[in-house]
1. Cβ-Cβ below 6 Å, separation at least six or inter-chain, first residue in the stretch 149-165 and more than 17 Å from residue 614 (Cβ to Cβ) and β-branched (Val, Ile, Thr), second crowded, with 19+ Cβ neighbours inside 10 Å and at pLDDT 90 or above: which pairs?
2. When you go through (1) more than 26 Å from residue 127 (Cα to Cα); (2) open to solvent by 30 Å² or more (accessible area, probe 1.4 Å) one by one for residue 12, which number turns out not to apply?
3. I'd like to know if the stretch 31-53 contains one or more residues that are assigned to a strand (DSSP E or B) and open to solvent by 40 Å² or more (accessible area, probe 1.4 Å).
4. Could you list all residues from the stretch 593-624 that are open to solvent by 50 Å² or more (accessible area, probe 1.4 Å) and either in a loop (DSSP other than H, G, I, E, B) or not charged (D, E, K, R) (or both)?
5. Output the qualifying pairs, or none if there are none: Cβ atoms under 7 angstrom, residues six or more apart or on different chains, first residue in the stretch 15-26 and free of Cβ contacts under 8 Å to residues at least 24 places away in the same chain, second residue of a type in the set (Ser, Thr, Tyr) and surrounded by 16 or more Cβ atoms within 10 Å (Cβ to Cβ).
6. Exactly one of (1) over 30 Å from residue 614 (Cβ atoms); (2) at pLDDT 80 or above; (3) open to solvent by less than 30 Å² (accessible area, probe 1.4 Å); (4) charged (D, E, K, R) is unmet by residue 219. Its number?
7. Might you let me know whether the stretch 55-74 holds any residue that is of a type in the set (Gly, Ala, Ser) and outside any strand (DSSP E or B)?
8. Spot the failing condition for residue 554; the list is (1) within 18 Å of residue 32 (Cβ to Cβ); (2) touching a residue at least 60 places away in the same chain (Cβ under 8 Å), and only one is missed.
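The values are calculated or read from the model by the stated rules, or taken from the named source; none is laboratory data. Because the structure is a prediction, the values reported are computed rather than measured. Using ideal geometry, Cβ is built from the backbone for each residue, glycine included, and neighbour counts are taken over all protein chains shown. Please note that ligands, DNA and RNA were not included when accessible areas were found on the heavy atoms of the full protein model with its side chains. Shrake-Rupley method; radii C 1.70, N 1.55, O 1.52, S 1.80 Å.
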Amino acid sequence: MKFNIPALSLSFRQEDVVQRFTNLSYFWGQMGAGKSSIAKMIDYCLGARVELSPAMQSEFVAASLTLELQNGALTIERERDANNVLTSWGSGADAIQLVLPARVAAGIALPGTEVETLSDLIFHLSGLTPPRVRKSKKRDDSDSARLSIRDLLWYCYLDQDEIDSSFFHLQRGGDTFKQLKSRDVLRYIIGFHDERVAELEAELDRLRGERIGIAATIESLRRALKQVGIETEIEIRARQKVLSERDAELRDEISTLRSQPDLEKLTDHAADQLRDTALELGRAIAELDEAVADLSASANRDQRHLNELETLSVRFKRSRSAREVLSGVQFNSCPRCTQALPERHAPLCHVCAQPDVSEVADPQEAALIERDLKQRMAELKDILQRHDAALAANRRQREELAFRKRRIEHERNEALARYDSAYLSTVLAKEHERAAIAQNIANLDSLARFPRLLDEQSEQLGKIVEQETKVRVALRAAKAAAEEDETNLDELKRLFLDCLLRAEVPGISAKDQVVISKADFYPVIRSGGIDDERETSFTTLSSGGKKTLFKCCFAIALHRLTMKLGAPLPNLLIIDSPMKNISERENRQQFHSFYDMLYDLSTNELKATQIILIDKEFAAPGKGLDVTVMDRHMKPLDPENPPLIPYYRGN
């Protein structure tokens, strides 16, 4: 992955500084000159959160980094404490400027692409698709997340603070999230995450998104139908049938009234009929209110019973655990007041002097009790669900009756206000009821499409779940196939041992064997025979200097493998203080051996990799090495070898 840095521009309060880089740049000198700040500012422009040195806290204003990527140059500008960066690329009419989040996405920022953050833009301009990996390695239905350029840079920038304390977050006991991300990076580089795996991951993401959307639609439809007391099309048709039968009855009654010869002799006024109907509805509503009250009281009792059983279950487990722990304890003093306990006879408890019943309960009996408790709690939960359903049905029915009662009372008031004849008022009341029934039937016709839509969505959900299952099976097979070929992993082992030997790391010999498990990618060096086998890892190394060299050699080996495979790892390697904890005079052999290895690799295997070195002393290329090194000697308060902030005097 082409990733070259021509220059870094830093804006300070009194002066702007431009630091240029070559293919092999070396910064060295005294403490406090700002050597490490150069690497930190590169990292800062690439989205890192950095801790500024006192000098940088006092003077730093902004930074600008120029990157040469596969599809052109990219300039990244970031002000101090800013969460966004200003990016620009292209030239002339094709020039583009865009403000992007340095790390946290906030939606699509570049229309027509999937660019949301600075990392996405770097992948986009490199002609690469950001790899996606599962967030959870245990759940098949876990959603995926993009690997960020920040994750890849763990193997490109070895900063001074963590160079001897963390092995790329791979060791156990650290940040689990970073550990899993680091493993994903290595799978991606080594080739265990190939194009087929990426395609299936993307397809699984698409299906998962559709499944979640359809499931949400189904839940919304069910909730809406439940609120109106209807869940199936059969129930709707049953309601329509009842309403149609009532409509037919009203039609016959109206026809009968109109066919009577002595219409004016009718004495039953519609207002009286409506009053009787309203009274009947009032009694029905009162009965429903009483039923709701009884159901609520019963539900509350069952809920209290369930809470008591849950509390009892917890207490039982705690009591059982405590008895198992304390049954073998011999108390010599009171656990409450710490006074010495008197002598007790053997059958008595040594603490309370009562008959000792401290035998631990039979595990089978305890399991039976727990099973009974769970069964009873499950029964109570089922009863509570039925109570809730009955309460909801009764409340819906009460609302319907109350609405009907209000409508009838309104019609009665209108009938009383008109002073119509008994015949006319009766016919009008029945016509009003027919109109209301017709409207209800029409409303039910509109609702009938929702159960059909619910069935269609449920069928579609089943198909997507089936497709998801097939894709998961194919993904597992693709991952297994990708990881079956360990050629690249074996090559990484060989290159790592070669680096350790060429750097002359103490305790490592050509007879040693490098072991890197596909499960965690944590390298271990095995040496000695069957009877005297020893394992060396980053964790077991006692020397901080050895840890530093061990980590540097692994990073160099990975970059060598990247060049061989053409893997998508930025061809940038920044090492801040490889001789940390190592004396250049006392360990001169390791000092020169390490740098000679780097210089030699920079002329062949790593000639396309930009290397930036930061250290206390300068190691000149040895005789016979045709390599050009741009070195900068940095000292505080030295105009001949100025520090990063030339004018800074520390006051």
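1. 149/119; 149/122
2. Failed condition: (2).
3. no
4. Result: 603, 604, 605, 607, 608, 616, 617, 618, 620, 623, 624.
5. Sorted first by the residue in the stretch 15-26, then by its partner, the pairs are 16/9; 18/9.
6. (3)
7. Looking through the stretch 55-74, at least one residue is of a type in the set (Gly, Ala, Ser) and outside any strand (DSSP E or B).
8. Every condition holds for residue 554 apart from (1).
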